[in-house]
Amino acid sequence: MNKRIATSDLTGRLLSSTRRMARHGRSLSAKLAKGIGLASVLAVSLMGLPGIASAACDLPELGEDTNGGIPEDAAFAFDPGGVRNSLGNAGIAVGGAYYAEAFNNWGDIKDGGQYNGVLELYANANMQRLGFWSGLCFRANGYQIHGKSITGENVGGLMPVSSLEAEPATRLFEIWFEQFLFNDTVSVRIGQLAADEEFFAADGGRYFLNGTRGWAPIASENNPSGGPAYPLATPGVRVAVAPTERTSVLVGLYNGDPAPQCDKAGGDPQRCNDHGVDFELDDDPLLMAEGAYSYELGGGRLPGTIKVGGWNHFGDFEHQRVDVGGELIAISGNGGKPLEHDWAIYGTIEQLIWRKPGSKDPQGVGVFAQFAGAPEDRNLVDIYFDVGITFTGMIPRRPNDALAVGFAYTGISDEVSAFDVDSGEPAARNYESLVEITYTFEISQGWVVQPDFLYMWNPGGGGVDHATVVGARNTLSF
């Protein structure tokens, strides 16, 4: 599913700056050309398997009602001069949403509140309707981000309070073409992509506002410049395959650093790639893979999904505690010992445990859990897990309301903790955790308000204070 900000999918991903990593520019295509070739052979072999998606590009088919070019879930129809209607008839959908949120914090860096706003605009196109071949789709979206980060200004945590927090900017996010092949059993997406759109996420996490349930710190803190995730996408290619109706495989190959010129200088990647149009191509690649298996319990009434995945970054990294000579870097002042590559593995499980009687869609009580691990010698974060429970469709005549309660834990690697001790820090970083309670309240079609409560232990991994955050997000789609 498309996990970028949407009325029906409120969670996003936050980019966090990576720690102490060096990058060496090597050709993306030269390093993994063989791997791409193997993926192509695999795709060709899958003709005739069950489909994974519709080649209609999520747009009305030719001859179907286009609803005047306005999305069905829009809060209001905005069509100056009938432009959207004309575009809709031609196979192009344009739309957007505005997200307004305010939070107040007590504890950690300082008490206080912040406002954050994001305007998203997007365009989707069925390229066959425009004279191209069957199964070719197009998407582009961008953001106008304004306001201040409650996490950066007040809390200082690794797991951002909001999934929408980012540096103020007007930026392009994703722009890609996707080709569906072999009766929609294979799709190939190429362009500027965000890995957090499809990888390493639980569907249940979309009900939360906290950014950790989209692109967790084990990904954002360990990958250069935060990796290919909101608000920084990067050039890449993604192949999706459905061997059976219950199984699917995702493989993505991305330029491994969205802002390499900034990372080397120790700056803020979002300020360096400030409009999302750098289109870096020559950095060490990031390879991601994920397999999913869907099943049903209770005579088919209780769906569940298991996902297993991981990634490998082909760049050069540094040891978090010792230099090339084995000396403590806190004493020698040298950089960390060079280490080749970085990787992580993760798993996700989701299960509906009680289904609302008579519900057409699977509504009721659902649970989910995620776990991830990475090497401790080259990473700030080596362990991550989160769990949650969701209650959907529980109130009569309010099918789109939801209550969600979750817990998340980010573990700081032992090597980083030891470095803090070596440096004489009064308190070594060791973990950050949080509990979140949020309610999704649909006021009307396309208009959602979501109050949120968050309590964090050890924001930043080693603080002497905790933090309590209360706030809300208002979403209007058009």
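Bear in mind these aren't lab numbers, they're just calculated from the coordinates by the rules spelled out. Note that the structure is a prediction, hence the values are computed from the model and not measured. In this analysis, Cβ positions are derived from the backbone assuming ideal geometry, glycine residues included, and neighbour counts consider all displayed protein chains.
Observations on the structure shown:
- Low-density loop cleavage sites - chymotrypsin sites (Phe, Trp or Tyr not before Pro) in segment 99-194, where at most 10 other Cβ are within 10 Å (DSSP): Trp133
- Which of Lys360, Lys148, Lys337, Lys110 has the fewest Cβ neighbours within 10 Å, and the rest in rising order: Lys360, Lys110, Lys148, Lys337
- Rg/Rh, computed from the Cα trace of segment 324-478 with Rh as the Kirkwood radius, has the value 1.13.
- Under 5 Å between amide hydrogens, built in the peptide plane, is the criterion, and for Val322 it picks out Ile329, Lys337 among residues at least 5 positions away or on other chains.
- Shape category assigned to segment 195-254 from the gyration tensor of Cα positions, a/c cut at 1.5: oblate
- GluC sites (Glu not before Pro) within segment 230-332, DSSP loop, no more than 15 other Cβ atoms inside 10 Å: Glu245, Glu327
- Dipole magnitude (debye, nearest 20) for segment 170-319, charges at Cβ of Lys, Arg, Asp, Glu: 620
- Here segment 244-321 has an Rg and Dmax of 18.8, 57 Å, counting Cα atoms alone.
- Inter-site label distance for Ile331 and Val421 at 7 Å from Cα along Cβ, in nm: 1.4
- The protection proxy used here, the mean number of other Cβ atoms lying within 10 Å of each residue, ranks peptides 79-91, 386-398, 212-224, 342-354 as follows, highest first: 212-224, 342-354, 386-398, 79-91.
- Segment 323-367 shape via C-alpha gyration tensor axes, a/c threshold 1.5: prolate
- Percent of C-alpha pairs per 5 Å bin, segment 341-432, short to long: 3, 13, 16, 14, 12, 10, 9, 8, 7, 5, 3, 1, 0
- Neighbourhood net charge (11 Å Cβ-Cβ; Lys/Arg +1, Asp/Glu -1) for Gly157: -3
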